[in-house]
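*Asks:* What follows is a structure written as structure tokens; I'll ask about it next.
The values are calculated or read from the model by the stated rules, or taken from the named source; none is laboratory data. A quick note: this is a predicted structure, and the numbers were derived from the prediction, not measured. When we count neighbours, we look across all protein chains shown, and the Cβ atoms used for this are built from the backbone with ideal geometry, even at glycine.
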Amino acid sequence: MRIVMIGSGYVGLVSGACLADFGHHVTCVDKSAAKIDALEAGQVPIFEPGLDAIIEHNRTSGRLDFSKDLASPVAEADVVFIAVGTPSRRGDGHADLSYVYAAAREIAAAVSGFTVIVTKSTVPVGTGDEIERIFRDEFPEKDIAVVSNPEFLREGAAITDFKRPDRIVIGTEEPRAVEVMREVYRPLYLNEAPLYFCERRTSELIKYAANAFLAMKITFINEIADLCEQLGADVQKVAKGIGMDKRIGDKFLHAGPGYGGSCFPKDTLALVKTAQDHDSPVRLIETTVAINDNRKRAMGRKVIAACDGNVRGKKIAILGLTFKPNTDDMRDAPSITIIQALLDGGAKVHAFDPEGMEMAKEVIGPITYGKDPYDIADGADAIVIVTEWDEFRALDFKRLKSMVRTPVVVDLRNVYPVAEVTKHGFSYFAVGKKNEK
Ligand code: NAD
């Protein structure tokens, strides 16, 4: 089967490489010449564990190639996936579909023979209808089917998620497209991949509803964490206690600095906007968005409070910048807001992140980057864990104590048991637990 992936970012590149690994022939297309040049030179433009090996293997086997030009691979394709970005539209928070529609128009001009056009990008309900209309209006003679197939992979675990998904949602009622999509994912059947077919509009909404629910779950435990701090309870134990109930489940119950990343913030907002437009507001999600927005800045205030209410002229060491470990993605990372709050308070911020510093330089203001946690902790007035990278999980607190100016640790990810930090003479401020001074 010949597959073309339009957009070679976090989703397109992973999906393209994995589909090639299943035995399909895949061409990954991107408008960014820098990305395609890098890929053709054997480099991987994003950090995703395991991706470089899969790309290399499939490239040398001749199943995976890259192109800046969309027309010639699309003309040969059985299936064309659209995996371009759908960021928040500036000004109103709706999903910006300009990249999707631009890609659709280019695809429409290029397809020949029956071709299945699949939206893998997260797109609002009705986007598939609009793509179909573009084809009908501009190229009525073309034989196509437009399918929704939202992606649920998580950055940092993207390969496993793509290859062993909980479900593959496919929105189409066109029998030929059903057959083609079965064929695309057939290699997964060995792992009993659960294909879930439904109508296109339903499929589009499933993606938003799933992300909104997960964002709500995180926000719920974050509010319970705040309450724990007031009541002297421990949020990790509360989360465990409720998560053992199978109706609730133990995932997405880790209290922290608020959700961020390239999906939850924009997708929750887009769902809110779609719902308002249809006079059917989703108030739980409106509230979730507002709580989460406030929380990130509040985490900056939490750090300031841990520094006796004043960070002016103080050195704050930030461990972790990306919105989660195992990615270099800085989009909407809570660190951006937290650091801004500290800079506004007059702090000197020093930061280290294993993979995110290059991207951080484009989105974070005047801070100093270090080469490891110890480098930035030297002379610090507080050490703040913002992202729970593995290499921050076994810090040498004895060594850190000998270097810092003031022994304060603010752990926004609850990485450590309290005693492990306090026994070295640090004050320890976690999330949803009693502060230990
Ligand atoms: P990304 O920004 O990393 O990648 C998008 C790529 O598309 C960019 O490289 C861009 O240059 C390219 N592009 C834009 N217009 C193009 C065109 N006309 N032709 C060719 N290339 C074009 O974005 P991403 O994180 O991969 O997300 C893509 C979509 O998948 C979004 O809708 C997102 O919501 C959704 N999604 C993302 C994730 C995730 O974890 N990142 C997970 C599930 C779903």
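*Asks:* Determine which member of the set I82, I144, I107 is crowded, with 17+ Cβ neighbours inside 10 Å, at pLDDT 95 or above and away from the ligand (no atom under 12 Å from the Cβ).
*Replies:* Selected residue: I144, the only one of I82, I144, I107 that is crowded, with 17+ Cβ neighbours inside 10 Å, at pLDDT 95 or above and away from the ligand (no atom under 12 Å from the Cβ).
*Asks:* Mind listing whichever residues of the range 87-104 are in a loop (DSSP other than H, G, I, E, B) and either within 9 Å of the ligand (Cβ to nearest atom) or over 19 Å from R200 (Cα atoms) (or both)?
*Replies:* P87, R89, R90, G91, D92, G93, H94, D96
*Asks:* Just checking, how many residues over the range 24-50 are in contact with an Asp or Glu (Cβ under 6 Å, 6 or more places away or on another chain) and either within 21 Å of R154 (Cα to Cα) or near the ligand (Cβ under 10 Å from one of its atoms) (or both)? Spell out the reasoning first.
*Replies:* In the first step, residues of the range 24-50 are kept if they are in contact with an Asp or Glu (Cβ under 6 Å, 6 or more places away or on another chain); the result is 27, 36, 44, 47.
Those left that are additionally either within 21 Å of R154 (Cα to Cα) or near the ligand (Cβ under 10 Å from one of its atoms) (or both): 36, 44, 47.
Residues in the range 24-50 being in contact with an Asp or Glu (Cβ under 6 Å, 6 or more places away or on another chain) and either within 21 Å of R154 (Cα to Cα) or near the ligand (Cβ under 10 Å from one of its atoms) (or both): 3 in total.
*Asks:* Could I ask something else about it? Quick check on my filter: what residues within the range 258-276 are more than 10 Å from the ligand (Cβ to nearest atom), touching a residue at least 24 places away in the same chain (Cβ under 8 Å) and aliphatic (A, V, I, L, M)? Please lay out each step first, then the result.
*Replies:* Initial filter on the range 258-276 (more than 10 Å from the ligand (Cβ to nearest atom)): 258-260, 265, 268-269, 271-276.
With touching a residue at least 24 places away in the same chain (Cβ under 8 Å) added as a condition, the list becomes 258-260, 265, 268-269, 271-274.
Matches in the range 258-276: L269, L271, V272.
*Asks:* Determine which member of the set A212, A255, A157 is more than 30 Å from G113 (Cβ to Cβ), outside the structural domain of A341 (by TED's automatic domain parsing) and touching a residue at least 60 places away in the same chain (Cβ under 8 Å).
*Replies:* One residue alone meets the criteria, A157.
*Asks:* Return the residues of the range 147-169 that are in a strand (DSSP E or B) and either among the hydroxyl-bearing types (S, T, Y) or buried (at least 23 other Cβ atoms within 10 Å of the Cβ) (or both); say none if nothing qualifies.
*Replies:* Here is the first cut: in the range 147-169, the ones in a strand (DSSP E or B) are 147-148, 168-169.
Result: V147, S148.
*Asks:* Identify the residue in the range 226-252 that is surrounded by fewer than 20 Cβ atoms within 10 Å (Cβ to Cβ) and among the hydrophobic types (A, V, I, L, M, F, W, C) and, among all such residues, is nearest to the ligand (Cβ to nearest atom).
*Replies:* F252
*Asks:* Just the residues that are more than 15 Å from the ligand (Cβ to nearest atom) and touching a helix residue (DSSP H, G or I) at 6+ places or on another chain (Cβ under 7 Å), please, taken from the range 56-74.
*Replies:* Across the range 56-74, the qualifying residues are N58, R63, L64.
*Asks:* Can you go through I376, I364, I385 and tell me which one is in contact with an Asp or Glu (Cβ under 8 Å, 6 or more places away or on another chain) and crowded, with 22+ Cβ neighbours inside 10 Å?
*Replies:* After applying the criteria, what remains is I385.
*Asks:* On to the next question. Within the range 64-79, can you find the residues that are surrounded by fewer than 18 Cβ atoms within 10 Å (Cβ to Cβ) and either in a helix (DSSP H, G or I) or touching a Gly at 6+ places or on another chain (Cβ under 7 Å) (or both)?
*Replies:* A71, S72, A75, E76
*Asks:* Oh, and also: Tell me the residue from R154, R133 that is more than 17 Å from L19 (Cβ to Cβ) and within 16 Å of the ligand (Cβ to nearest atom), please.
*Replies:* Going through R154, R133 in turn, just one is more than 17 Å from L19 (Cβ to Cβ) and within 16 Å of the ligand (Cβ to nearest atom): R154.
*Asks:* On the given criteria, is A77 modelled with pLDDT of 95 or more and within 12 Å of the ligand (Cβ to nearest atom)?
*Replies:* no
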